[in-house]
Amino acid sequence: MSALDTRPGEPPHYSQVWTFRTPRARLALWVGWVALVALFVWCWQLMNENTLWIFVTDAPSQAADIGSRMFPPRLAYLPELLMPLWDTLNIATLGTMGGVILAVPVAFLAARNTTPSALLVRPVALFIIVTSRSINSLIWALLLVAIIGPGLLAGIVAIALRSIGFVGKLLYEAIEETDARQVEAVTATGAARSQVIHYGIVPQVLPAFWGISMFRWDINIRESTILGLVGAGGIGMKLQSSIDTLAWSQVATILIVILGTVVVSETVSARVRQALI
Amino acid sequence: MTASTSYPRRWRRPPQLVKTRRWRLLLPLLLLGYLILALSSLEIDAGRVVEGLSRGARFVQGFLQPDFTSRWQDIRQGLIESLTMTLTATVVGVLVSVPIGIGAARNLSPRAVYLVCRSIVAVSRSLQEIIIAIFLVAMFGFGPFAGFLTLAFASIGFVAKLLADDIEEASASQIEAIRATGASRWQLIHYAVQPQVMPRLIGLSLYRLDINFRESAVIGIVGAGGIGATLNTAIDRYEYDSAGAILLLVIAIVMLSEYGSSHLRKYLQ
Amino acid sequence: MLTIDQLTKTYTGGDTALREVTFRVPRGQVVGLIGPSGAGKSTLIRCINRLVEPSSGAIRLGETDLVNLGGRELRQARRRIGMIFQEYALVERLTVMENVLSGRLGYVAFWRSFTRRFPGRDIENAYRLLDRVGLLEHADKRADALSGGQRQRVGIARALAQEPELLLVDEPTASLDPKTSRQIMRLITEICAERQLPAIVNIHDVPLAQQFVDRLVGLRAGQVVFDNAPDRLDEETLTEIYGAEDWTATDQDDEEPDFASQAQGSLRLVGTAI
């Protein structure tokens, strides 16, 4: 190495000949990382302005306390959970159906190749999709409980409203990815627009449609288990009342039931999707 | 072509999906039966729904004429909490995810480590943010710190799972080539795995940042701070114009961050 | 009879695909349209059924001026023009029968096509066409279960189901092997002869075109540079259409090709085939 160092006019070390990035890019990268760290520290301080650290240091004992109360889960509570579980399934299933039915026209209006007007209609459809996607189903439920009152209906509508964005987005992307030549061929026969969509596009997106719907149903099962926290029916209502009464052993039972339901629905959805494709 | 040959004048589309006749008849019946059962378990209070319609109209009005000013202090505080906990939770979540993700990759880790890491991932993924938040609020008290922990924990499941899957999919031939040079496990990760999965990790982090912001608007409902708490209060007070303002802000930020992250990803690649 | 008069197409980007193309196709004549990629062959036939909007000029099918039609009239004009596509463009996930019946879409109401209840006459005719192209027993198969040659036959049956007055054929043999290509070209020309159908066939393969069509039109950079009987096409014109390198490359990729003798050789070969 020292031999390399002494030669005049040559770089002292191979590492100066070969570098992974140009100096400028490296500098930019470093500045980026430093900025991120600074941002993190600043955010951390801002966030914890009002944090009471006594509670935080107390957390382990709290956790131990809750843990000991949760165990053993109160299995005698199970029969009471059957009706809410049925409600939860209904919220998810009916909500998915409603959402899918509403999402289909939105998707066709949003896809570049099927929208009647890219300037007027498409932005509206895209806005519906973004709005629905940005707002979590729990917030939709919160709103709907305030508007139409607590109960299953609020849950179903919340799930449906949230599903429009998800299904609509994936479906319109599938529509845009269809093979344009097949559509062109149907157009060339003199078919009307509705027939072109029905013969040229629908067969191509049908598998994607069923896959997306099953996928969303699976997610909706998951989400509908907690809608009861804001009063929108289902097993979440039991969760809420058990937490309110500090019945942690019941909470444990409910969590087990929720986990089981989620696992089952995930398996069913995966199986059905496989069978469809 | 012989003119005398006669051809059928009827044609029925052969069944594509359900091939057996019995199921073709049974499935619609089952579906109908389910729908009747499910719909009958709905107890719709017509009077309440009608009453709801006028409230719904008021909400739509609030959404169209949002009121940013009268609750601006609360909204500002909520937004600051949401944004800060989103960022800190994503950073911490991703930092923790990297070792767990590597540990959960079958082709890199010893079996025991693999199983431990995969079970962490499984627990984090199967519990929903809101349920985690309930527990963490019970342990750490109300406020954004519990929210931060919730989002960080949820991020771990998400990022580590996708990272581990990515590493497992990373080109085996490249890993083999570096392994053949006699590299240690960490050198292997640095030279063979990191270059392949780094762009994806950045993409995942940005995606998770999006998700965390959206979730931060939710977990406030159970007391974990952020804009969700503000929203919850606004709806409880029937202040639909303030609620509309909050929702519009959430939508705007989500759109901005989606737009920004897609650009950043393009720039980084 | 199809009349194309001073047809020009300029794309919005400013590229001119067609410049004042003028020719007519009488009843029963099969016209081969040759030219290098990008010469405007595909644009030309798509202007005829208005899948591409022409910029100026006139196209008349019988008495109908195709250029100024819109909406319902355009669809009615389209159903008089059958089109056969490069790489078949069948709706892959529909059955063979549905693909053939889709040729009737311009004639039936939406609810009939939606419920797949086409008129008995259409179904009978579809079976007859499938028999004609040799696919009668495949009617209930899904289109993506067929081989390339079979799919193109379905494409032909679909176009014929329209009972067209004109056939537009876009590179029908582009993804088929040489033997199947000949079978498909033979089928198309036979059918045109049976029905006295005029046809325009875009085709890359010059010898194949010379073997089957009644007349050749050569396009270069959107202009007609040759319009005559296939056996009048000589080496000089081919060079004018394709450019020297281009067109030898389609024949042989060997090093140092003896250009002149090869050109003549392939022409001679074609001559004997006719």
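Where a number appears in this text, it was derived from the coordinates with a stated rule and is not lab data. Since the structure is predicted, the reported quantities are computational estimates derived from the model, not experimental observations. Using ideal geometry, Cβ is built from the backbone for each residue, glycine included, and neighbour counts are taken over all protein chains shown.
A few notes on this one:
- Antiparallel %, DSSP beta bridges [both residues in the protein assembly as shown], to 5: 55 percent
- Between C:Val217 and C:Gly32, C:Leu33, C:Ile34, the built amide H atoms are under 5 Å apart, and every one of these is 5 or more places off in sequence or on another chain.
- Taking amide H as placed 1.01 Å from N in the peptide plane, B:Gly225 has its amide H under 5 Å from the amide H of B:Gly143, each at least 5 places away in sequence or on another chain.
- Value of D in µm² per second that Stokes-Einstein yields for the protein assembly as shown, Kirkwood Rh from Cα pairs, at 20 °C (1.002 mPa s): 67 µm²/s
- Cα gyration tensor shape of the range A:78-276, rounded if a/c is under 1.5, else prolate or oblate by comparing a/b with b/c: prolate
- Distance from the range A:179-252 to the range A:73-133 (C-alpha centre basis), Å: 5 Å
- Per-residue mean of C-beta atoms belonging to partner chains within 10 Å, peptide A:147-155: 6
- About its Cα centre, chain A has a charge dipole of approximately 500 debye under the convention of +1 per Lys or Arg Cβ and -1 per Asp or Glu Cβ, with nothing else charged.
- Cα gyration tensor category, rounded, prolate or oblate, for the range C:2-235 with a/c compared to 1.5: oblate
- Calculated P(r) tail over 16 Å for the range A:140-237, as whole % of Cα pairs: 63 percent
- Ignoring lysines fewer than eight residues from C:Lys141 along the same chain, the ones with Cα atoms less than 21 angstrom from its Cα are B:Lys19.
- The reciprocal of the average 1/r between distinct C-alpha atoms defines the Kirkwood hydrodynamic radius, which for the range B:65-268 equals 18.3 Å.
- Magnitude of the charge dipole for chain B, about its Cα centre and with charges confined to Cβ atoms of Lys, Arg (+1) and Asp, Glu (-1), is about 1660 debye.
- Under the span-like rule (Cα at least 30 Å along the axis, Kyte-Doolittle mean at least 0.5), DSSP H helices of chain A: A:23-47, A:78-110, A:152-176, A:248-276
- For the listed peptides B:174-187, B:214-227, C:92-105, a ranking on the average number of other beta carbons within 10 Å per residue, highest first, reads B:214-227, C:92-105, B:174-187.
- Partners for C:Lys41 among lysines (Cα-Cα distance below 28 Å; same-chain residues under 8 apart left out): C:Lys9, C:Lys179
- The slack between B:Ala183 and B:Leu29, meaning 0.36 nm per residue of separation minus the straight C-alpha distance, is 49.1 nm.
- Percentage relative contact order, chain B, counting C-alpha pairs under 8 Å, at least six apart: 27 percent
- Build a GNM of chain C with springs between Cα atoms under 10 Å apart, and of C:Tyr242, C:Tyr88, C:Tyr107 the one that fluctuates most is C:Tyr107.
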